[in-house]
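J.: This is the structure, below, for whatever I ask next.
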2 protein chains.
Amino acid sequence: MIINVPENSDFSIHNIPFGIFSTADRSPRAGVAIGEHILDLAAVAELDVFDFNTAILEKEVLNDFIALGKSITNKVRRDIQHWLQDENSVLADKPELFVLQSEAQIHMPVYIGDYTDFYSSIEHATNVGIMFRGPENALMPNWKHIPVGYHGRASSIVASGLPMHRPKGQTLPKDAEAPIYGPCQRLDFELEMGFITGKNTNLGESIATEDAEDYIFGMVLLNDWSARDIQKWEYVPLGPFLAKNFASHISPWIVTLEALEPFRVSGPKQEPKVLPYLAYEGNKNYDIKLQVGIQPEGAEEQVVCNSNFKYMYWNMAQQLAHHTVNGCNINVGDLYGSGTISGKDENSYGSMLELAWMGTKPLKMKDGSERKFINDGDTVIIRGHSEKDGKRVGFGEVSAKVLPAK
Amino acid sequence: MIINVPENSDFSIHNIPFGIFSTADRSPRAGVAIGEHILDLAAVAELDVFDFNTAILEKEVLNDFIALGKSITNKVRRDIQHWLQDENSVLADKPELFVLQSEAQIHMPVYIGDYTDFYSSIEHATNVGIMFRGPENALMPNWKHIPVGYHGRASSIVASGLPMHRPKGQTLPKDAEAPIYGPCQRLDFELEMGFITGKNTNLGESIATEDAEDYIFGMVLLNDWSARDIQKWEYVPLGPFLAKNFASHISPWIVTLEALEPFRVSGPKQEPKVLPYLAYEGNKNYDIKLQVGIQPEGAEEQVVCNSNFKYMYWNMAQQLAHHTVNGCNINVGDLYGSGTISGKDENSYGSMLELAWMGTKPLKMKDGSERKFINDGDTVIIRGHSEKDGKRVGFGEVSAKVLPAK
């Protein structure tokens, strides 16, 4: 290996995720994460090793690079894997090609034109249903027929690390007749993953489940912050709005679908049978271990959730087929959230709403405090990685600190 | 006047709306509509009359022009008004600056980053509430406290004229136990207007009602097509999704807020009193006459609705203040729909759902046919204009033909 990669690094030679970074003397540009370093793709391009227009590697987002198509982007990834492992390759003895991640600023990897959030974890949908409607009607009648989803706000999606002020808004206090205005009292995280599309369609076109993976460039971790008290008051009948659009954070390195290939697993049996346009063949779920930690101000981080992306009832191919079955067009860089990912066990629930069960089972923190929801000063950290046969491919983390309301 | 403007033109000297057009020998560029012509702004720029970087007038969208700010864009509009009325101005004797609208292709005026749709007509919300929940609970408890809104799909918003295929999707037939897949059986228009923002905010910033108009560049007509049968099956609990995102059409000329200034009127009294962040002073509604026509294939157009934008319960300043009260950031070119605009009279309802009252009162067409919803081959045309003291300022039309499902 040309560069040292620590054991257990999410960014192993098997990964090679793409992102955008800058340093004091490098303007924002494309890079790949390898171990604790970033390989500067714009600098690699100067070695004249790529046969595409490499000016797109100096753009502030990866959209144009991704739009080259998988035949090119996959080749770049494989070439880099080979070069990094070959002591005599073009990358050898060129330390100026590498930057320490700790010395770089890591930006949003893509410009997101549209953001859709699904609701595809049956455990999460069931938990929320039990809390709001009771165990008899936990799942809505449409849930097992449709990968339920809704449109979110693209402008407020930001990269890991940017602190966020607690949102303010309208809520209806218990037993009150009129709403009040003030800081959200029930700020929650949502453990999600998101995929990013790498190909456009035209208005009127649909994507079949068997073609869907051609359209998926890669994945990120997603914290889809939610203001539960604002949500409760606003969401009937048109869905969540201000309860969600104040901020969502994503992990900044896009892990390609190809890097995740070794970690495919089968999904849950879907019963009743889905309509033909949602039927699929093969393994479309992915075994990605997920973890959520809360770090109170000045205290140690505490893991509050261990989950897995493999629990998803609806897979990404089904989500994309459903999204486009009516002719809705998609673009390179669009983001599609999984919805909160919960497992069967109580410690695998992907939100405070479920972990503390609507505030009835507060989580005990190591510093003696309790959490029903997220406090000011808390940093919420989501991590994710796959591991099999000694190969580890991970996402790093998406992390954000909550500041008091302005 | 340097160019002939027909009497009763929407695009009078008092209007000067901005758009993007192209012809066989002119690449897409900025223009203003005047009478039956377009004034080519990129060509005007060659006369060296503008003191900004005029390269932005040759872009395919107006976003960069709008982002110059109202001090510049309003001056451009006023200068053009003066020049067009001065027989000795820089525009005199230069027919090459003008193109007939009928000989041009008129494009989307802006790139829309995010699209939000409100639900701000009390008559529409009440009608829908009566149909789905009965007259006692017609309005949801939050409706008079919140300008209810939700996020829509930006990618599928297109300019007037582009024909559209009837969407396909999942619906649950009456008394059926399982959903079916097929062409939408209840395709509807929604008579809306939309405003376009002309200034960015940063994440965490809010806009007060008294500042909101500084952020609004102008307005367009909007047909927010809806598939009622798909909507009914999918929308609980997260709101409309595939029922809306297959297409929305807008009128291509953005009428500035300044052009609409003479047509301000007071809005309905808001009772109960709104929370302080939604309070406003002055006249924030606009008297804009709206009309919807249906033209069956090969038959005459028939007007089915006469309404007015002044009926809106929530005004645009309140919508923008609410949207940003939680710190949600906005961008130049974002679109905000009013929601369906209905008046009190039965012929002022802004959707087929209401006009034919859920199919119980089919509309009789001149050709003998009936309409409960929109048929294949129908063209739906929305028009809008303001008129006062002999001044007319209008939007032209947004028109689209429905083709059979693919």
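J.: Roughly how many debye, to the nearest 20, is the charge dipole of the protein assembly as shown about its Cα centre, given +1 on each Lys and Arg Cβ, -1 on each Asp and Glu Cβ, and no other charges?
T.: Details: 74 positive and 106 negative charges, 480 e Å.
Dipole size: approximately 2300 debye.
J.: Taking only Cα atoms and a 10 Å spring cutoff, compute GNM fluctuations for chain B and point out the largest among B:Asn127, B:Asn53, B:Asn375.
T.: The residue that fluctuates most here is B:Asn53.
J.: Still on this structure, please answer the following. When a footprinting reagent is the concern and you count Cβ atoms within 10 Å, what order do B:Arg78, B:Arg153, B:Arg228 take, fewest first?
T.: Details: B:Arg78 12, B:Arg153 27, B:Arg228 19.
Ordered by Cβ neighbours within 10 Å, fewest first: B:Arg78, B:Arg228, B:Arg153.
J.: I need the P(r) histogram for the range B:18-107: all alpha carbon pairs, bin width 10 Å from 0 out to the longest distance, whole percents.
T.: The percentages, shortest bin first, are 17, 54, 28, 1.
J.: Here is a further query. Pop out the ³J(HN,Hα) list for the range A:26-43 in order, Karplus 6.51 cos²θ - 1.76 cosθ + 1.60 with θ = phi - 60°, rounded to Hz; leave Gly and Pro as x.
T.: 3J(HN,Hα) across the range A:26-43, in whole Hz: 10, 5, x, 7, 7, x, 10, 7, 9, x, 8, 10, 10, 8, 6, 5, 5, 6.
J.: Let me have the relative contact order for chain B, percent, based on Cα pairs under 8 Å that are six or more residues apart. Present the calculation step by step, with values, prior to reporting the outcome.
T.: Working: 953 pairs, mean separation 87.6, N = 406.
Reported as a whole number, the value is 22 percent.
J.: In chain B, if the dipole is taken from +1 on Lys/Arg beta carbons and -1 on Asp/Glu beta carbons about the Cα centre, which of B:Asn142, B:Gly267, B:Asn74 is farthest to the positive end?
T.: Result: B:Asn142.
J.: Shortest first, in nm, what separates the label point of A:Gly359 from those of the same position in the other copies (7 Å along Cα→Cβ)?
T.: Between copies, matching label points for A:Gly359 lie 4.4 nm apart.
J.: Separate question: Can you give the percent of C-alpha pairs in the range A:266-406 whose distance is more than 17 Å?
T.: Working: 6810 of 9870 pairs.
For the range A:266-406, the share of Cα pairs beyond 17 Å comes to 69 percent.
J.: Which distances, in nm and shortest first, link the A:Ile180 label point to the same label point in every other copy, taking 7 Å along Cα→Cβ?
T.: Spelled out, the distances from A:Ile180's label point are 5.2 nm.
J.: Most exposed first by the Cβ proxy, i.e. fewest other Cβ within 10 Å, how do B:Phe195, B:Phe395, B:Phe52 rank? Walk me through the numbers before you get to the answer.
T.: Details: B:Phe195 24, B:Phe395 29, B:Phe52 16.
By the 10 Å Cβ count, ascending: B:Phe52, B:Phe195, B:Phe395.
J.: When each pair of different Cα atoms in the range B:101-204 is counted once in the 1/r mean, what is the Kirkwood radius in angstroms, to one decimal? Let's see the in-between values first.
T.: On the way: mean 1/r = 0.0561 Å⁻¹.
About 17.8 Å for the range B:101-204.
J.: Just to check I understand the Karplus step: with θ = phi - 60° and J = 6.51 cos²θ - 1.76 cosθ + 1.60, what whole-Hz values come out for the range A:221-232, glycine and proline as x?
T.: Karplus-based 3J(HN,Hα) across the range A:221-232 equals 7, 9, 10, 9, 3, 9, 9, 5, 6, 5, 4, 4 Hz.
J.: If the limit is 24 Å between Cα atoms, which of A:Lys269/A:Lys391; B:Lys269/B:Lys391; B:Lys344/B:Lys364 go over it?
T.: Values: A:Lys269/A:Lys391 28 Å; B:Lys269/B:Lys391 28 Å; B:Lys344/B:Lys364 21 Å.
Flagged as over cut-off: A:Lys269/A:Lys391; B:Lys269/B:Lys391.
J.: While we're here: Averaging over every viewing direction, what projected area does the convex hull of the Cα atoms of the range B:115-403 cover, in nm²?
T.: Taking the Cα atoms of the range B:115-403, their convex hull projects to 15.5 nm² on average.
J.: With runs of 4+ DSSP H residues as the only contributors, calculate the mean residue ellipticity of the protein assembly as shown at 222 nm using -39,500 (n - 2.57) per run, divided by the residue total and rounded to the nearest 500. Mind showing how you got there, number by number?
T.: On the way: 14 runs with 114 residues, N = 812.
After summing the helix terms and dividing by the residues of the protein assembly as shown, the value is -4000 deg cm²/dmol.
J.: Right, here's the next one. So how strong a dipole does the range B:287-359 carry about its Cα centre when Lys and Arg Cβ are +1 and Asp and Glu Cβ are -1, to the nearest 20 debye? Provide the component values of the computation, followed by the final result.
T.: Working: 3 positive and 8 negative charges, 73 e Å.
It comes to approximately 340 debye.
J.: Please compute one quarter of the surface area of the Cα convex hull for the range B:179-261 and express it in square nanometres.
T.: Orientation-averaged projected area of the Cα hull: 7.9 nm².
J.: Quick one: 3J(HN,Hα) in Hz for the range B:370-387, Karplus 6.51/-1.76/1.60 with θ = phi - 60°, rounded, Gly and Pro as x.
T.: 10, 10, 9, 9, 9, 8, 4, x, 6, 10, 9, 10, 10, 10, x, 7, 10, 8
J.: A further question follows. In whole Å, what three semi-axes, largest first, describe the equivalent ellipsoid of the range B:317-368 built from its Cα gyration tensor (square root of 5 times each eigenvalue)? Mind dumping the intermediate values first?
T.: Working: eigenvalues 261, 29, 16 Å².
Three semi-axes, in Å: 36, 12, 9.
J.: 7 Å along Cα→Cβ for the label point: how many nanometres lie between B:Leu203 and each equivalent label in the other copies, listed shortest first?
T.: 3.1
J.: Taking chain A as a Gaussian network, Cα atoms linked when under 10 Å apart, which of A:Val76, A:Val292, A:Val255 shows the biggest mean-square fluctuation?
T.: Greatest mean-square fluctuation among the candidates belongs to A:Val76.
J.: Based on the Cα gyration tensor of the range B:1-63, what are the three equivalent ellipsoid semi-axes, each the root of five times an eigenvalue, rounded to whole Å and given largest first?
T.: Working: eigenvalues 91, 35, 23 Å².
After diagonalising the Cα gyration tensor, the semi-axes are 21, 13, 11 Å.
J.: Let me ask you something else. Axis carrying B onto A: which residue of B has the nearest Cβ, and how far, whole Å?
T.: Closest Cβ on chain B to the axis mapping it onto A, in Å: B:Gly239, 1.
J.: Greater than 18 Å separation of Cα atoms is the criterion. Which listed pairs, A:Lys401/B:Lys199; A:Lys70/A:Lys289; A:Lys168/A:Lys232, meet it? Walk me through the intermediate numbers first.
T.: Numbers: A:Lys401/B:Lys199 28 Å; A:Lys70/A:Lys289 26 Å; A:Lys168/A:Lys232 14 Å.
In this structure, A:Lys401/B:Lys199; A:Lys70/A:Lys289 lie more than 18 Å apart at Cα.
J.: Using the Cβ atoms and a cut-off under 11 Å, what net charge is assigned to the surroundings of B:Ser12, where Lys and Arg are +1 and Asp and Glu are -1? Please list the in-between numbers first.
T.: Numbers: positive: B:Lys391, B:Arg392; negative: B:Glu7, B:Asp10, B:Glu387.
Neighbourhood net charge equals -1.
J.: Separate question: In whole percent, what relative contact order does the range A:156-266 give with Cα contacts below 8 Å and a gap of six or more residues?
T.: Values: 176 pairs, mean separation 35.1, N = 111.
Value for the range A:156-266: 32 percent.
J.: I've got another one for you. Direction-averaged shadow area of the convex hull around the Cα atoms of the protein assembly as shown, nm²? Write out the running numbers ahead of the final one.
T.: Numbers: hull surface 142.5 nm².
Mean orientational projected area (the protein assembly as shown, Cα hull): 35.6 nm².
J.: Next question, about the same structure. Note down the relative contact order for the range B:303-350 as a percent, whole number, built from C-alpha pairs under 8 angstrom at least six residues apart.
T.: Details: 32 pairs, mean separation 29.3, N = 48.
Averaging sequence separation for qualifying contacts and normalising by length gives 61 percent for the range B:303-350.
J.: Can you compute the charge dipole magnitude of chain B about its Cα centre, using +1 on each Lys and Arg Cβ and -1 on each Asp and Glu Cβ, nothing else charged? Give it in debye, rounded to the nearest 20. Don't skip to the end; give the middle numbers.
T.: Numbers: 37 positive and 53 negative charges, 257 e Å.
Result for chain B is approximately 1240 debye, rounded to the nearest 20.
J.: A further question follows. Could you check which residue among A:Tyr313, A:Tyr277, A:Tyr150 shows the biggest mean-square fluctuation in a GNM of chain A with a 10 Å Cα cutoff?
T.: Per the Cα network of chain A with a 10 Å cutoff, A:Tyr277 tops the list.
J.: Which Cα, out of B:Phe132, A:Gly384, A:Cys328, lies furthest along the positive dipole direction of the protein assembly as shown (beta carbon charges, K/R +1, D/E -1)?
T.: Going by the Cα projections, it comes out as B:Phe132.
J.: Could you list which residues have their amide H under 5 Å from that of A:His165, counting only those 5 or more apart in sequence or on another chain, with H placed in the peptide plane?
T.: For A:His165, the qualifying residues are A:Leu403.
J.: May I ask for the distance between the Cα centers of the range A:1-37 and the range B:158-206, given as a whole number of Å?
T.: Answer, in whole Å: 41.
J.: What do you get when you divide the Cα radius of gyration of the range A:345-406 by 2.2 N^0.38 Å, with N the number of residues? Please list the in-between numbers first.
T.: Working: Rg = 14.9 Å, N = 62, 2.2 N^0.38 = 10.6 Å.
After normalising by residue count via 2.2 N^0.38 Å, the value is 1.41.
Throughout, read-outs are computed from the coordinates displayed, never taken from laboratory work. All values reported here derive from a predicted model rather than from experimental measurement. Heads up, the Cβs are rebuilt from the backbone with ideal geometry, glycines too, and the neighbour counts pull from every protein chain shown.
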